[in-house]
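Enquirer: Please find one structure pasted underneath; my questions will follow.
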Amino acid sequence: MSPPETEAEAEAETQVETEAGTLRVCDLHVSYGRSVQALHGVSLTVPQGRIVAVLGSNGAGKSTLLRAVSGTLALHRGTVERGTVHFDGVRLSGDAARSVAAGVVQVPEGRRIFGALSVEDNLRAGFLGSASRSRAELRAARERVFAQFPVLAERRRQAAGLMSGGEQQMLAMGRALMAAPRLLLLDEPSLGLAPLMVQRIAEIIREINAQGTSILLVEQNAAMALELSDRASVLDVGQVRLEGASADLAAADEVRRLYLGETYETGCGAPDADGDAAYATAASAPSVTGPGLTELGRWNG
Amino acid sequence: MIKLTETVLNGLALGSVYALIALGFVVIFKASGVMNFAHGSLLLFGGYVTARLHDAIGFIPAVLVGAALAAALAGLVQLLATRGLRGAEIHTLTILTIGVDVLLSTELNRQVGADYLTMGDPWGADVTRLGSITVADARIASIAVAIIVIGAFFAAFRWSRWGLSMRSAAADPEAAALMGIRLDRVRLIAWCVAGALAALAAVFLAAFPAPGLDRTTSQIALSAFPAAILGGMDSAVGALIGSLVIGLTAAMAAGYQNELSVLGAGFSDVAPYLVMVLVLLVRPTGLFGSKELTRV
Ligand SMILES: Nc1ncnc2c1ncn2[C@@H]1O[C@H](COP(=O)(O)OP(=O)(O)OP(=O)(O)O)[C@@H](O)[C@H]1O
Ligand SMILES: [Mg+2]
């Protein structure tokens, strides 16, 4: 993890490096109200075209991090006390509409689709933040999303709230894609989904990424996230505990015990047929009894 | 039969005016979660502007200016609420509207005084006879104008970018913000639209057979509140249906006053509230309301 930088240094840095399409979070401190400090100096980089995962248990600050990037902290009475967020060399300063205009779109935790609106209206809403007002471009964006998620085309006139959880997740992602984001922020897309659907969502994330969209993926499903991502950070009580290449993290004892181990306990070592696929990587990784938290520090920075 | 038809027509006319008020009330509530208790005085303000200007610039321009100024004033209240009291609770903002109402109505009452201000509308006291049925022209006009304006409102609500922003923001403000929808702008427009609708309603509330605009006009507008609540507070369709129900109830209670005299004098004044309470007993969320009225 890079040492805390002042804003001026961060500003200077953006001019030196090529920042095209890169998300750079520097020394972020966020608090809610006066008392709850949710992030204590989090730094993180998502290079263009990559998938970066953020893991962490409940209350670690994962959603807070995404809110700081997407500019929705104010809606939760949260404030950035220190630190910066830059995307594509441009400072994002807590205005949601400007984040969207800059090409950063978040799919919120729990999907948050507009249940009473039709699928089509949900997608139209996703297009509202894009600069274009042209109907042809709206139609083109919608056709792209329908091609990616054929189920949405079938249900286009149906009220979105009537769809299954997995379909709603697809709608939430499709809605975000309507704005043609350069960076997609995903907050626990696997939440509450059956293993088969988690697999499906993982494939979709890979497809979206293959089309050139960078992805910042927040997950509690560490197996899925580490399999998908190039690099990952582990958040714990508002701080980055571990950072490194996802394959290394998947093999690390600490991560296995804290974030992958639970699966084996609940599955009694014999996960059901649908479930094991997602955990294949973790299961096949050699069991290392090596580095603890401090030693993992070599991955930092 | 003649009396029934006339009463129903009167009820529809009244209901259509209530609908203009209730729709604005609901749009504000949907967009910003605030019950706008200043709605009656906004209405009075719009009507007052029209009444003062029609001699100089003609009726229709006066109505348009009245609507525009009422829209601007409503927008100002919203800006004051969000800029001045950034981060305040919804309840605080609701109470703020009561303060605005007191200020506005005090000043307007002083301006209007004990007079009845005429609107200068072209219908005057004319009536139209269809067979043996007699209806005031002003009432026919109010039905016609309400159909056009409310139709345009619903079309915009359904198809325009603003309408979609509005429905999204009402359903889930945070998710809407994540789509790049500017919540403060959606709210501002909602308040302005509501202000303009209220000013339009004032014109018809003051038209024949009412003697003109006076300080009680804003109290008549209060009858639109049960209409909004009856419809479910956060449903535009509900506001429309609720308004028609309340309008018809009020007209029936007034038209058949003698037959209903066992229920006591002034029954027609409380009838709308009675209907509202009865509906809420059966359907606590109103006719078209969503499950809960509390919003985050
Ligand atoms: N709106 C809020 N007001 C006050 N405190 C909050 C708010 N949202 C989050 N917090 C606090 O900030 C901390 C981080 O919360 P956050 O939602 O970012 O965690 P998370 O990692 O996303 O957890 P989960 O996996 O449960 O979604 C927690 O201690 C939480 O209680
Ligand atoms: Mg979260």
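The values are calculated or read from the model by the stated rules, or taken from the named source; none is laboratory data. Quick caveat, the model's predicted, so the values are computed rather than measured. Glycine also receives a Cβ, built like all others from the backbone with ideal geometry; neighbour counts cover every protein chain displayed. For accessibility, only protein heavy atoms count, side chains too; no ligands or nucleic acids. Shrake-Rupley method; radii C 1.70, N 1.55, O 1.52, S 1.80 Å.
For every residue, the table says whether it meets (1) within 16 Å of ligand 2 (Cβ to nearest atom); (2) free of Cβ contacts under 8 Å to residues at least 40 places away in the same chain.
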| position | (1), (2) |
| --- | --- |
| A:Ala53 | yes, no |
| A:Asn58 | yes, no |
| A:Arg67 | yes, yes |
| A:Thr72 | yes, yes |
| A:His76 | yes, no |
| A:Val80 | no, no |
| A:Asp88 | no, no |
| A:Ser99 | no, yes |
| A:Ile113 | no, no |
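Enquirer: Still on this structure, I have one more. If a residue must be surrounded by fewer than 19 Cβ atoms within 10 Å (Cβ to Cβ), under 14 Å from B:Ile181 (Cβ atoms) and not aliphatic (A, V, I, L, M), how many such residues does region A:97-111 contain?
Expert: Matching residues across region A:97-111 total 1.
Enquirer: Applying the selection to region B:117-167, what residues are surrounded by 15 or more Cβ atoms within 10 Å (Cβ to Cβ) and part of a loop (DSSP other than H, G, I, E, B)?
Expert: B:Thr118, B:Met119, B:Gly120, B:Asp121, B:Trp123
Enquirer: What number of residues in region A:91-122 are of a type in the set (A, V, I, L, M, F, W, C), more than 16 Å from ligand 1 (Cβ to nearest atom) and within 20 Å of the chain's Cα centre (by Cα)?
Expert: So the count comes out to 8.
Enquirer: Right, here's the next one. From the list A:Gly41, A:Gly33, which one is away from ligand 1 (no atom under 11 Å from the Cβ), surrounded by fewer than 24 Cβ atoms within 10 Å (Cβ to Cβ) and among the small types (Gly, Ala, Ser)?
Expert: Numbers: A:Gly33 fails: away from ligand 1 (no atom under 11 Å from the Cβ).
Answer to the selection: A:Gly41.
Enquirer: Just give me the residues in region A:44-66 being farther than 25 Å from A:Gly212 by Cβ and either among the hydroxyl-bearing types (Ser, Thr, Tyr) or touching a Leu at 6+ places or on another chain (Cβ under 9 Å) (or both), in sequence order.
Expert: Filtering region A:44-66 down to residues farther than 25 Å from A:Gly212 by Cβ leaves A:56-61, A:63-64.
Across region A:44-66, the qualifying residues are A:Gly56, A:Ser57, A:Ala60, A:Gly61, A:Ser63, A:Thr64.
Enquirer: Checking B:Phe225 against (1) of a type in the set (Phe, Trp, Tyr); (2) within 14 Å of another protein chain (Cβ to nearest Cβ); (3) open to solvent by less than 40 Å² (accessible area, probe 1.4 Å): exactly one of these is not met. Which one?
Expert: Of the numbered conditions (1) of a type in the set (Phe, Trp, Tyr); (2) within 14 Å of another protein chain (Cβ to nearest Cβ); (3) open to solvent by less than 40 Å² (accessible area, probe 1.4 Å), the odd one out for B:Phe225 is (2).
Enquirer: Quick check on B:Tyr48: is it assigned to a helix (DSSP H, G or I), closer than 21 Å to B:Gly124 by Cβ and not hydrophobic (A, V, I, L, M, F, W, C)?
Expert: Taking the combined requirement at face value, the residue satisfies it.
Enquirer: Oh, and also: For B:Asp55, work out the one condition from (1) modelled with pLDDT of 90 or more; (2) open to solvent by 40 Å² or more (accessible area, probe 1.4 Å); (3) more than 19 Å from B:Val203 (Cβ to Cβ) it doesn't fulfil.
Expert: Here B:Asp55 meets the rest and fails (3).
Enquirer: Could you check region A:164-238 for strands (runs of 3 or more DSSP E) lying wholly inside it with 3 or more residues that are farther than 18 Å from A:Asn122 by Cα, open to solvent by less than 20 Å² (accessible area, probe 1.4 Å) and within 16 Å of ligand 1 (Cβ to nearest atom)? Break it down stepwise before answering.
Expert: Numbers: elements: A:183-187, A:214-219, A:231-236.
In region A:164-238, A:214-219, A:231-236 are the strands (runs of 3 or more DSSP E) which contain 3 or more residues that are farther than 18 Å from A:Asn122 by Cα, open to solvent by less than 20 Å² (accessible area, probe 1.4 Å) and within 16 Å of ligand 1 (Cβ to nearest atom).
Enquirer: Still on this structure, I have one more. When you scan region A:24-135 for helices (runs of 4 or more DSSP H) that lie fully inside it, which ones turn up with 3 or more residues that are within 17 Å of A:Met173 (Cβ to Cβ), hydrophobic (A, V, I, L, M, F, W, C) and within 14 Å of another protein chain (Cβ to nearest Cβ)?
Expert: On the way: elements: A:62-70, A:96-102, A:119-127.
Filter on region A:24-135 gives A:119-127.
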